[in-house]
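Nothing in this text is a laboratory measurement; each read-out follows from the coordinates by a stated rule. Because the structure is predicted, anything quoted here is derived from the model rather than measured. Virtual Cβ from ideal backbone geometry, glycine too; neighbours counted across all protein chains shown.
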Amino acid sequence: MQQLDEFINQLEATPAGDFFNPWYEQDAQHDRSSESPVTRRRQLRTYLAERLESARFLAIAEALGYQGGHFSGIAMTSERILLGHHEKKSGVAPAHAFTKITPERTSKPEIQPKGFTEPTATIMWKALIQMGLDPYEIVLWNALAWHPYNREQGLLSNRTPTDTELEAGYPVLRSFLELFPGRTLIAVGKKSAHCLSAMSLDFIEVRHPANGGAPKFRRQMKALMG
């Protein structure tokens, strides 16, 4: 697990700019405690560790979002998924993310009683479960590991990273890919495809599920996994 620990340590170096680092920074306004970064780091490590041997696919989206990894610590995964609030509605259970530890929320309950939820995360996980894929055969990640936010709107916002900012994330992305050598790379959206192409990597591109892209995304993923 030394390589995994080194990767987690590498995430501490946040690029210059308006980025939130969920694993090493506290969101003082919205986190429930000073231990929230530790919790997010532990959840990410467990999520990755449980897939080191079983993963066949790596799904790479653009960047971390405030409704997802900002509080869960895991790309394209929301607190509400980890807390089991999607299980009855969509069949997505906390155990689909990891089993070795108990999932925890890191946001203040008074802000979102059931935890934050992210449309992209919900569509992604629901699609994976409904197509019958073992969730331990796929790893969700982002071309840019950290959460880019709009300074004027605050930490509960998202913004599109610049090409220069995306390039600053390439070393961490390469380290992530080295954890899972030889797996099939899936670019979720144009920005991710641009990054993987710039890094001269072989990949398959699918439509990002946001902004009306969910039906095409599901069709493409089903064809890919089938």
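Structure above, values below:
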read-out: Residues whose placed amide H lies under 5 Å from that of residue 20, excluding near-sequence neighbours; value: 147, 149
read-out: Charge-dipole axis of the chain as Lys and Arg at +1 and Asp and Glu at -1 on Cβ define it, positive-most pick from 187, 169, 9; value: 187
read-out: Only Lys, Arg (+1) and Asp, Glu (-1) charged, at Cβ; the chain dipole about Cα centre in debye; value: 940 debye
read-out: Relative contact order (%) - criterion: Cα under 8 Å, at least six apart; region: region 2-225; value: 25 percent
read-out: Lysines with Cα under 21 Å of residue 126, excluding same-chain neighbours fewer than 8 positions away; value: 88, 89, 114, 216, 222
read-out: Label zone at residue 194, where the point sits 7 Å out along the Cα-to-Cβ direction: region 126-161 residues whose backbone N lies under 15 Å; value: 143-144, 159-161
read-out: Fraction in percent of alpha-carbon pairs per bin - 5 Å, the chain; value: 1, 7, 16, 21, 22, 18, 11, 4, 0, 0
read-out: Inter-part distance where region 73-103 and region 133-147 are each reduced to a Cα centre, Å; value: 14 Å
read-out: Length-normalised contact order of region 91-175 in % [C-alpha pairs under 8 Å, at least 6 apart]; value: 24 percent
